[in-house]
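The values are calculated or read from the model by the stated rules, or taken from the named source; none is laboratory data. Keep in mind that this is a model prediction, so the values were computed, not measured. Note that we place each Cβ from the backbone using ideal geometry, even for glycine, and neighbour counts take in every protein chain shown.
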Amino acid sequence: MPGTRELLVRVGSRAADLGCRAFLVGGPVRDLLLGRPCLDMDVVVEGDAVALARAAVEPGEPAPVLHVDFGTATLVSGATRVDLVTARAESYHWPGALPAVRAGDIHQDLARRDFSIHAMALVLNGERRGDVLDPHGGRGDLEHGLLRVLHEQSFIDDATRMLRGVRYEQRFGFAFEPRTLSLLERDLTCLDTISGDRVRHELERTFDEAEPEQALQRLDVLRLLSALHPGLRFGPEKARALAGARREPLSTAQLQGVSWCLLGWGMDAAMLESLRVRLTLRRSIVNDIADALAVAGLEMQLDRPDLEPSAVFDLLHGRSHVALLTAGLLLSRPAARRSIALYLSRLRHVRPALAGEDLRQLGFSDGPAMGDALTALRAARLNGEVASRADEVELARRLLGTGGR
Ligand code: CTP
């Protein structure tokens, strides 16, 4: 299976055979020049990208994934992906619209990009093979750590670029070049032109960054969050909480869930509903945030020092895991945080040794009495009042004597 380099060399040489030019562009050129690893390669072809993808595959290798209607194709080799697209020129019919595209040359293709550091192309074939085309000063900006848009209309054409820019700024420790920053401030309201799906996608890409709390805080400081929705906030306290969550052994999906709960923390039900509408949030995300807000509302009850474990269980049982993690990180009262930690680490796993069938054998009949008995057994387990199966049998017999209650 060819490695990344071999595959790109092959794409270049097949492009020469087909009489077209191919270029590595965008993020991979940036990462190459920064000396950072990159597995997703973007190749622009002045010609038929689908034909080039077909020609670049050797017998026995996986077939390329073709999107003939879009003129795009993907080669996969191990962990490497090479996306090939035909060079495009594009125009925006109205701000925030997805662009209308037509075939173009590499210079038009670079001119439609978000930042100068993404508007460079590494030539893969022909006399200039190995050269970097840099018509917008991307290399200098990369050296100085600057994010610069290519023209004054850039954020108006596509306001998601503001969200992307913050991500790159924080990922690489870069800064917006002053003129770009003032355009961003000028064009904040253009975020209204971006669909909920696209905004949500950008936020979720931000959650997946190595240190998402940095970018989220910056989105807040630059007032991008409040421009997206007036109830969205992400201050230092939430940043500390997210950094704390990242130290826990959580899955990517759980970290995403915690990130959503943190973003929504502090809202009321009406705000959450308008956020759902603005970002077309999935029901599961809304439920997680609503649970986090509900647990926040229990803070005073959870803070009581004499609270029995079974009472903690009753307050928190059925709440989503990520909501509880979030509340455990953000509630201000230490005893309330401890109650949540106790629930997550121990109480939620507690089950009585006796199940319904055991109770039936002891003389219980199906119905509410049996349900009550199981709840009582669990409470007794949680509070350490029974420690063994024999203890539970004894308790169950006593409950039976009192009608199961
Ligand atoms: N791009 C753009 N405007 C957008 C989205 C993308 O100009 N709103 C261009 C940029 O040139 C970018 C390229 O499309 O480099 C590919 O975008 P994407 O895959 O989202 O990002 P990468 O550059 O690959 O960077 P990374 O995946 O590291 O975020």
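List of remarks:
- Of all the residues in region 86-107, those that are modelled with pLDDT of 95 or more and either away from the ligand (no atom under 13 Å from the Cβ) or assigned to a strand (DSSP E or B) (or both) number 1.
- With respect to (1) touching a helix residue (DSSP H, G or I) at 6+ places or on another chain (Cβ under 9 Å); (2) within 16 Å of the ligand (Cβ to nearest atom); (3) aliphatic (A, V, I, L, M), the lone exception for residue 56 is condition (2).
- Unique residue being loosely packed, with under 15 Cβ neighbours inside 10 Å, over 17 Å from residue 336 (Cβ atoms) and not assigned by TED's automatic domain parsing to the domain that holds residue 372 when the list is 253, 227, 215, 239: 253
- Residue, farthest from residue 112 (Cα to Cα), within region 20-39, restricted to residues that are in a loop (DSSP other than H, G, I, E, B) and touching a strand residue (DSSP E or B) at 6+ places or on another chain (Cβ under 9 Å): 39
- Only one entry in 270, 294 is surrounded by fewer than 21 Cβ atoms within 10 Å (Cβ to Cβ) and in the same structural domain as residue 192 (by TED's automatic domain parsing), namely 270.
- Look at region 117-138: where a residue is among the charged types (D, E, K, R) and more than 16 Å from the ligand (Cβ to nearest atom) and a partner is in a strand (DSSP E or B) and at pLDDT 95 or above, sitting 6+ places away or on another chain with Cβ atoms under 7 Å, you get 129/123; 131/123.
Conditions tested, residue by residue: (1) among the acidic types (Asp, Glu); (2) in the same structural domain as residue 240 (by TED's automatic domain parsing); (3) farther than 20 Å from residue 288 by Cα; (4) in a helix (DSSP H, G or I).
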position	(1), (2), (3), (4)
318	no, no, no, no
323	no, no, no, yes
327	no, no, no, yes
335	no, no, yes, yes
339	no, no, no, yes
343	no, no, no, yes
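- In region 45-68, the residue that is nearest to residue 5 (Cα to Cα) out of those that are within 29 Å of the chain's Cα centre (by Cα) and surrounded by fewer than 18 Cβ atoms within 10 Å (Cβ to Cβ) is 65.
- Set 318, 257: member being in contact (Cβ under 8 Å) with a residue 60 or more places away in the chain and among the small types (Gly, Ala, Ser): 257
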